[in-house]
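The values are calculated or read from the model by the stated rules, or taken from the named source; none is laboratory data. The structure displayed is predicted, hence computed values, not measured ones. Every residue, glycine as well, gets a Cβ built from its backbone with ideal geometry; the counts of neighbours run over all protein chains shown. Surface areas here come from the heavy atoms of the whole protein model, side chains and all, with no ligands, DNA or RNA. Shrake-Rupley method; radii C 1.70, N 1.55, O 1.52, S 1.80 Å.
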Amino acid sequence: MLSAHTISVVQATVPALQQHGEAITRHFYRLMFEQHPEVKAFFNEAHQASGTQARALAHAVMAYAQHIEHLDALAGALPRIVQKHAALGIQPEHYPIVGKCLLQAIREVLGDAATDEVIDAWGQAYQSLADLLIAAEEEVYATHAALPGGWRGERTFRVARRQVESELITSFYLEPVDGGALQIFQPGQYLTLVLQVEGRSLRRNYSLSDAPSRPWYRISVKREARGVASNWLHDHATVGTTVNALPPCGDFVLDTTKTQRPLLLVTGGVGITPAISMLESVASSGRPIRFVHAARHGGVHAFRSRVDELTRTHPNVQALYVYDQPRPDDRPHATGVVDTDLLAAQLPADRDVDLYFLGPKPFMQQVYTSGLALGITPDRLRYEFFGPLEPLQAA
Ligand SMILES: Cc1cc2nc3c(=O)[nH]c(=O)nc-3n(C[C@H](O)[C@H](O)[C@H](O)COP(=O)(O)OP(=O)(O)OC[C@H]3O[C@@H](n4cnc5c(N)ncnc54)[C@H](O)[C@@H]3O)c2cc1C
Ligand code: HEM
């Protein structure tokens, strides 16, 4: 329990954090990777280079300082962090490393303003947040281990099959080498692969793209220009290759409590992967489903034949394909981009719909602002980022 004095000292640093938050978190990562190279493998270098991870951490620290008196205001943000940490296998012994480097970064960036009293208050505040996260993460680990087919830590899988889905995306069917059962996941969740590539250990999240309760986990990977893990998977993960994976995690999951509420799945590019899992798992429920997918052209449009088949066999499923750079032989339903008019035409008149969306950031900004403009309430607009969470609306 933090004392009233500690709380007021932390609150007094809010303006300085607002001004220097990102500089502090960038400096923090530099210090941590220099002093503790052993934690580097947990982080994605691209997220460091783009600054998205430093911004996500700065935002979390800021939100914590602002709400330190009524932490229930943060309740909505914590599950995502907990799921992300649990997905990557973050352990209690990592927290003192982050705490020490964060305090050092605060001290060095704020200079004279970071008095001993400020550092001491932040040390206590960090510890209380760390305790909360450690306990919540342990609960996730223990829950996974106790589920039928569940496990804790890394488990080895064998690539049982590969399937080309488009010019850029290939699916990998993974079966556990131990021959055991597989933990049921919720459509929308992702696996973390732990890969050894050219002497480096990498962790990468991949959405599960098939329905739960199949005897395999399927991931569908886009080959990224100069991407280390995705190119390794495309070029080296052939049938028989083994890879290690941590249990499925993620809080971007299909809400199936309102079984007949219309469902609108709107995706761009490789963002299609969790939506395919959602579609596969509820197509037979009779729930009205609109599946909107944006791609550059037919060559990079993954899963088209499977979605077409589901629309033929399930009258409740309708698909709409939108290409912005169609090739001469392409037959999309629309050309251009997913905008407010296009979305409006997919909505029921009362706007009572669950909208799940994922794609490149500008695409997501457009879907989010259009969804709000069309009267969909924020709690029905659900999205995932294939990287650290970023704001979708201008501040
Ligand atoms: C929840 C979640 C689910 C995901 N699901 C999927 C999925 O279903 N399918 C899928 O394909 N992907 C998915 N991803 C993305 C995936 O985790 C990887 O980020 C993606 O495969 C790229 O990894 P990579 O190692 O190939 O690329 P990286 O090596 O991480 O590089 C990514 C890009 O950043 C650039 N880059 C890398 N390092 C630097 C640097 N130091 N400076 C500047 N630029 C740099 C690279 O050139 C490249 O263009 C998901 C991500 C998350 C968070
Ligand atoms: C109180 C302490 C911590 C806070 C507030 C915190 C906060 C966050 C936040 C906000 C994210 C981004 C989540 C997202 O939107 O994707 C994140 C991701 C992450 N965190 Fe933490 N974290 C803490 C401690 C730790 C520790 C101890 C480690 C272990 C070294 C760690 C490792 C990671 C990793 C590896 C990611 C994903 C980074 C990536 O995508 O490259 N965190 N954390």
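For region 216-298, taking Cα atoms only, Rg and Dmax work out to 15.7, 43 Å respectively. When nucleic acids and ligands are ignored and a 1.4 Å probe is applied, Arg214 ends up with an accessible area of around 90 Å². Couplings 3J(HN,Hα) for region 258-263, derived from phi with the Karplus relation 6.51 cos²θ - 1.76 cosθ + 1.60 (θ = phi - 60°), are 9, 5, 10, 5, x, 10 Hz, where x marks Gly and Pro.
When only the Cβ of Lys, Arg, Asp and Glu is charged (+1, +1, -1, -1), the dipole of the chain relative to its Cα centre reaches about 1220 debye.
Would you be so kind as to identify which of Met1, Ala349, Thr369 lies farthest towards the positive end of the dipole of the chain, taking Lys and Arg as +1 and Asp and Glu as -1 on Cβ and the Cα centre as origin? Checked the options; the winner is Ala349.
Here the label points at Val239 and Ala145, each 7 Å from Cα along the C-beta direction, are separated by 3.6 nm in the simple model.
Of interest is the spacing of the C-alpha centroids, which for region 261-305 and region 345-376 amounts to 14 Å. Taking all Cα pairs closer than 8 Å and separated by 6 or more residues, the relative contact order of region 263-383 comes to 29 percent. All alpha carbon pair distances within region 117-269 were sorted into 5 Å bins beginning at 0; the resulting P(r) in whole percents reads 2, 8, 14, 19, 16, 13, 11, 7, 4, 3, 1, 0. The fraction of accessible area contributed by carbon and sulfur in the chain is 53 percent, rounded to a whole number (1.4 Å probe; ligands and nucleic acids excluded).
With contacts taken as Cα pairs under 8 Å at a separation of at least 6 residues, region 253-321 carries a relative contact order of 36 percent.
Accessible-area rank, largest first, for Glu117, Glu198: Glu198, Glu117, with all protein chains present and a 1.4 angstrom probe. A 1.4 Å probe run over the chain, with the rest of the protein chains in place, finds 46 Å² accessible per residue. Farthest towards the positive end of the charge dipole of the chain, among the residues Ala245, Pro388, Ala334, is the Cα of Ala334, using unit charges on the Cβ of Lys, Arg, Asp and Glu. The relative contact order of the chain comes to 14 percent, based on Cα pairs under 8 Å that sit 6 or more residues apart.
The distance separating the Cα centre of region 156-207 from that of region 35-88 comes to 24 Å.
Among the helices of the chain (complete DSSP H runs), which have Cα atoms covering no less than 30 Å along the helix axis and a Kyte-Doolittle mean of at least -0.5? Helices passing the filter in the chain: 116-146. Calculated on C-alpha atoms, the gyration radius of the chain divided by its Kirkwood radius gives an Rg/Rh of 0.98.
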